[in-house]
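One structure below.
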Amino acid sequence: VALLIPGAYAQGTIGRAYDRLVGTCDRLLARSWLTTAVLSVVTFVVLAWMANDVLLRFPNSGDEYGYLFQVRAWLEGRAWFPALPGQDFFAFGHIRVLDGRVFSVFPPGWPAVLFAAGLAGVPAWLVNPMLGAVTVPVFFAAARRWYEPRVALVGLVAMLVSAFFLLNSASHYAHTTTLLAIIVFAAAALRGSDGDSFALGA
């Protein structure tokens, strides 16, 4: 699109916008620790508001319900619930009934995170907003190691305003913890590759 704009306009308007963007990035990067801290707090507040007021703390999908069902069983010291009379009339996606036992089909990875939060007294609907806030400094630190600081900052902001990040991090889905784990593992693998370290690379 920029190539279709007359040269003088592109050099003037787009050039000034670019200069303002660079200047803003440089000012924010002067105290990068403060910038990431503020972004983390703002991210948590926005995600917690979305989880509470937009998604109403509600498991809007079968996946989310399955996770919470599994965690509830664990918090009650169970691996499954006994089937009730007429259980077949209340079939639900990702919840199975086998030999009189009702259980979730999901592996224990993400439910284990929710379970640990439950043991600590943290409500399930706040777990993803907290993880989303933690993702901010982790993403920035990882990106800054291999990219110019301005690129890392712009990439971070682009992630934070994406609907995918916002909606998933305000839900009960496993995607936010998966994102955080991928960033950590990718950073470790790249660092191991840079230093010829098999331990970190693996």
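The values are calculated or read from the model by the stated rules, or taken from the named source; none is laboratory data. Note that the structure is a prediction, hence the values are computed from the model and not measured. Positions of Cβ are generated from backbone atoms using ideal geometry, with glycine treated the same way; all protein chains shown enter the neighbour counts. Surface accessibility is based on the protein's heavy atoms, side chains included, excluding ligands, DNA and RNA. Shrake-Rupley method; radii C 1.70, N 1.55, O 1.52, S 1.80 Å.
Key figures
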| quantity | calculated |
| --- | --- |
| Shape metrics for region 106-165, restricted to C-alpha atoms - Rg then Dmax, Å | 14.6, 41 |
| Carbon and sulfur %, accessible surface of the chain computed with the full protein complex present, 1.4 Å | 68 percent |
| For the chain: accessible area per residue (Å², 1.4 Å) | 61 Å² |
| Rule-of-thumb Rg ratio for region 5-106 [Cα; 2.2 N^0.38 Å; N residues] | 2.01 |
| Rounded to the nearest 20 debye, dipole of the chain from Cβ charges on Lys, Arg, Asp, Glu | 400 debye |
| Of the DSSP H helices in the chain, those whose Cα atoms cover at least 18 Å axially and whose Kyte score averages 1.0 or more | 32-49, 175-194 |
| Hydrodynamic radius (Kirkwood) for region 143-202, which is based on Cα pairs only, to one decimal in Å | 12.9 Å |
| At most 11 other Cβ within 10 Å, DSSP loop - trypsin sites (Lys or Arg not before Pro), region 29-105 | Arg31 |
| Counted charge near Pro149, where neighbours are those whose Cβ lies closer than 14 Å (Asp, Glu -1; Lys, Arg +1) | +3 |
| Value of Rg to Rh for the chain (Rh from inverse mean 1/r over Cα pairs, i.e. Kirkwood) | 1.11 |
| Reduced Cα scattering model of region 52-103, Debye log10 I(q)/I(0), q = 0.22, 0.28 Å⁻¹ | -0.86, -1.12 |
| Environment charge at Leu119 (Cβ cut-off 14 Å; Lys +1, Arg +1, Asp -1, Glu -1) | 0 |
| Stretch gain in nm, segment Leu180-Val54, where the contour uses 0.36 nm per residue and the Cα spacing is subtracted | 43.0 nm |
| Compactness of region 82-202 as Cα Rg over 2.2 N^0.38 Å, two decimals | 1.42 |
